[in-house]
Amino acid sequence: VVIETIYKSKIKKMKVVFGGLVGGFIVVFSLFYNNFDLYLKIFGGILICVVGMEKLEGFRNIAKYSSFYTLNLASVGFVQAFEINTHYLVFFGLTAIILLYLVESNKNLIIFLNQLKYNIIVNFHKTSLRLVGYLDTGNFSEYDGYPIIYVSSKYYPKELLFRDYIDVRIATVNTTSNLKAYEPVSCIIEVGRKKKEIKVLVVFCDLKSVDCLMNVKMLL
């Protein structure tokens, strides 16, 4: 039931009952046939999953069945292997449930972010910046037809201290800011197996979690 809830599957009472009956039969069978104990532990769990859980698409079934084993390992396996008392049993069981829930809940977000990730190279006269850029779907800002990209200030090249910059005015949701923009010698983005050179302006700012926020117009 816990696994079905985490994976947002339909909880069918009859399947849960059949899964429980299969599990009970396996336990009884292992009491009389100890020689098959290892095989029952491995394949019995798969049989319980097939009988008692709703089937998902593709590899999600494998992930779901693996989660079932992980949860059982956290609750029963640790107790058997390390002779842990019941208080720690509850702790390990709850921890496993929480971890499985977090992984499943954030899986789509991780996939979405990876789809918006590109390798990007920004070349100045003396400095070449190799960055991992993320497409900012809300960034359409430009100056004189040049799209503006935002790069973390930790990559700010010292050579730009003595270079001229362009004062650009950027409108945000709450206010309007004047920012220093620099024109690189070249900006190259990798799209699939192809490399595309684009004319851009670079603004260095405080980006805590990413190297570069790209502009939508770079891919148009």
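Throughout, read-outs are computed from the coordinates displayed, never taken from laboratory work. Just so we're clear, the structure is a prediction, and the values are computed from it rather than from any experiment. A quick note on method: Cβ atoms are made from the backbone with ideal geometry, for glycine too, and the neighbour counts reach across all protein chains shown.
With the simple spin-label model, which puts each label point 7 Å out from Cα in the Cβ direction, the Ile166 to Thr137 separation comes to 2.8 nm. Loop-located chymotrypsin sites (Phe, Trp or Tyr not before Pro) in segment 132-220 (DSSP state not H, G, I, E or B) with no more than 16 neighbouring Cβ atoms inside 10 Å: Phe140, Tyr165.
Could you check the spin-label model distance between Leu21 and Leu219? Points 7 Å from the Cα along Cα→Cβ, value in nm. About 5.2 nm separates the two model spin labels.
Peptide packing: for 187-196, 117-126, the average count of neighbouring Cβ atoms within 10 Å per residue gives the ranking 117-126, 187-196, highest mean first. Residues Asp211, Asp167, ranked from the fewest to the most other C-beta atoms within 10 Å, line up as Asp167, Asp211. If you plug the beta carbon distance of Thr175 and Leu207 into 1/(1 + (r/R0)^6) with R0 = 22 Å, you get a FRET efficiency near 0.75.
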